[in-house]
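Rule-based calculations on the coordinates, nothing more; no lab input. Source: prediction; values computed, not measured. Quick reminder, even Gly has a Cβ in these numbers, built from the backbone with ideal geometry, and neighbours come from all protein chains shown.
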Amino acid sequence: MAKRRIGITHIHSPDEQVPFEFLPAEYGVYKDNLKEWANEHYIAKRFPKKGSITEEEKNRIKSFFETRRKEFPDGTSALLPVLNDIKKNYGVVYTEYMDEVANLFGVHPSYVLGVATFYTMLEGFDGKAEIYVCNSLPCYLQGSEEILQEFLRKADDEVEIREWVCLGRCEFAPVVHIPYTEKSFGHVTKEDVEQIIKISKEVCPWRNKK
Ligand code: FES
């Protein structure tokens with residue numbers, strides 16, 4: 001069964017782990033996940049080093065910067081859209097990409113790292129396709145927990161299932177979203193799971209680049 005991950009919190013480094021012993025009992029279901037997650041060395045796993053950066057990648061990142069700069073011309077307001085473009089294109093925001101972005105914006109790389117690590121949707125999963133399964137209250141009341149379990153059972157190594165918070169389409173609960181597209185699925189049933197996994201791989205931009 002695929003690993004269950006929650007997408008609602010972030011841990012900057014193993015030294016800044018959540019003090020699990022202070023988690024209230026009702027969070028017990030998440031306790032093991034958090035421990036495991038913290039132990040995975042968050043930044044190295046989710047924002048890893050690539051080793052090098054090609055001219056083509058540099059030019060691509062520069063073109064994201066120039067396009068977004070026209071839409072968000074003030075200060076670093078275009079930073080998040082640029083990081084989002086990188087994630088959507090490459091699947092992983094490598095350290096080298098963040099350095100390049102820092103150069104373009106004229107800021108210290110730690111500033112870019114701070115922004116990138118704050119937003120869980122920018123985390124990378126070794127280039128796997130991704131699916132968000134909403135498990136907030138309205139979806140939960142419509143059976144999202146069962147749907148999530150079905151996704152975790154059916155997903156192979158090529159797709160990362162991410163338990164998510166409200167996707168803003170509660171009227172269609174339970175809702176599932178493929179993040180690199182504008183595709184969301186409403187009133188999802190267990191029977192839909194395999195098909196959604198298949199679609200998530202087919203439309204994944206960074207997988208199709210290989
Ligand atoms: S609670 Fe699932 S979309 Fe709002």
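Here is how the numbers come out for the structure above:
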{"read-out": "Estimated FRET transfer efficiency (GLU146, PHE118; beta-carbon r; R0 35 Å; 0.05)", "value": "0.65"}
{"read-out": "Fraction of alpha-carbon pairs over 21 Å apart in region 70-210 - percent", "value": "47"}
{"read-out": "Cross-link table LYS50/LYS154; LYS50/LYS88; LYS62/LYS209; LYS183/LYS209; LYS88/LYS198, entries beyond 26 Å C-alpha to C-alpha", "value": "LYS50/LYS154"}
{"read-out": "Added length on full extension, which subtracts the Cα-Cα distance from 0.36 nm per residue, LYS183 to GLU56", "value": "42.9 nm"}
